[in-house]
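Before any comments, here is the structure.
Quick note: the coordinates plus some simple rules give every number you see, no bench work behind them. Quick caveat: nothing in here was measured; it's all calculated off a predicted structure. No Cβ is skipped: glycine too gets one built from the backbone with ideal geometry, and neighbour counts run over all protein chains shown.
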Amino acid sequence: MTNNNMYFIANWKMFGDVKSLNSLNKVIKFSKIYQKNKFKLIYCPPYTLLSLFSKKLKNSNIGLGAQNCHQEETSGPFTGSISPKMLKKIGVQYVIIGHSENRATGETDLIINKKIKSSIKCGLKIIFCIGETLLQRKKKQTHRILNNQIIKGLKGINKTNNILIAYEPIWSIGTGIIPEKKDLEKNINFIKKKIKLKKLKVLYGGSINPKNINNINQISELNGFLVGGASQDPKKFIDIVKKTFK
Ligand code: PGA
């Protein structure tokens, strides 16, 4: 059975320019008329488009998120960085933290933990990414890795009503390979048991597209999807939502 209140988050990564704004029209229209099921769409464009998206999405029911932020809450001598408060001020509501592509460039669990804390203080909701590498999976270390990322990333954080967990196996991101339904179910349940908090939402991310969505959208514990590549095409993004509720 598919959950209500599913999240569909578009992670545009380092793609998109002002012309991409036009692609939003279709999705805004869709989200207004497609009321059959309850779901929340959230766009996470690159920093350069956040202000424009904020204006464009103002009277829509689509949320806006950033793809990262600095761990310092407000301001400071950090060249090239953007603070959670700066994001909040321009109408951003969500922020992706701990994405494996940022972990790969040296973002540690400690920094991730600081970023989560600062962002919560500023009133942002967190999309907290966790996931194992292919090697870790092969060595059957998945649960140990997830456990570690959860414990360190959420250290000292008691309230998690502002946190969405995005389980993204690294071997699945951008590869076209998605986990077996049975495996995914097991890992989602592990995360939910580990973070024993009411109403915790766990999303899946990695190579989701309209063709494979039906393979995994019937997991009752799943609360949505973090979509990379396919989310840049409005038709594909809309199809992913429609197929989930079919
Ligand atoms: P993908 O990316 O859908 O292109 O695999 C997902 C992500 O990295 O969030």
- request: Using the number of other C-beta atoms within 10 angstrom as an exposure proxy, rank His70, His99, His143 with the fewest first.
  value: His143, His70, His99
task: Please give the direction-averaged projected area of the C-alpha convex hull for segment 3-54, in square nanometres with one decimal.
output: 3.8 nm²
query: Once you put a point 7 Å from the Cα of Val18 and another 7 Å from the Cα of Arg144, both along the Cβ direction, what distance in nm separates them?
result: 5.3 nm
query: Counting alpha carbon pairs within less than 8 Å and at least 6 residues apart, what relative contact order, in whole percent, applies to segment 6-244?
result: 19 percent
statement: Applying the gyration tensor rule to the Cα atoms of segment 6-244 (axes a ≥ b ≥ c; rounded if a/c under 1.5, else prolate if a/b exceeds b/c, else oblate), the class is oblate
- request: Mind giving me the nanometre distance, one decimal, between the label points for Tyr34 and Lys155, set 7 Å out from Cα along Cα→Cβ?
  value: 4.1 nm
message: Which one, Thr74, Met6, Cys129, projects farthest toward the positive side of the charge dipole computed for the chain from Cβ point charges (K/R +1, D/E -1)?
response: Met6
task: Provide Val241, Val95 in ascending order of the number of other Cβ atoms located within 10 Å of each residue's Cβ, fewest first.
output: Val241, Val95
- request: Fewest Cβ neighbours within 10 Å first, please rank Ile62, Ile42 accordingly.
  value: Ile62, Ile42
query: Around Asn61, with a cut-off of 10 angstrom between Cβ atoms, what is the net charge of the other residues, counting Lys and Arg +1 and Asp and Glu -1?
result: +2
- request: With the cut-off at 18 Å, report for segment 201-246 the share of all Cα pairs above it, as a whole percent.
  value: 16 percent
- request: Treating cross-link reach as a plain straight distance, find the aspartates and glutamates whose alpha-carbon is under 15 Å from the alpha-carbon of Lys88, omitting any fewer than eight places away in the same chain.
  value: Glu72, Glu73
query: Could you give the dipole magnitude of the chain about its Cα centre, charging the beta-carbon of Lys and Arg +1 and that of Asp and Glu -1, in debye to the nearest 20?
result: 800 debye
- prompt: Taking R0 as 35 Å, what's the FRET efficiency between Ile177 and Lys89 from their Cβ-Cβ distance, rounded to 0.05?
  reply: 0.35
task: Return, for the Cα atoms of segment 167-235, the radius of gyration and Dmax in Å, separated by a comma.
output: 12.1, 37
message: At 222 nm, what value in deg cm²/dmol follows for the chain if DSSP H runs of at least 4 each add -39500 (n - 2.57) and the sum is divided by all its residues, to the nearest 500?
response: -10500 deg cm²/dmol
query: Glu221 to Thr79: FRET efficiency via 1/(1 + (r/R0)^6), r the Cβ-Cβ distance, R0 45 Å, to the nearest 0.05?
result: 0.60
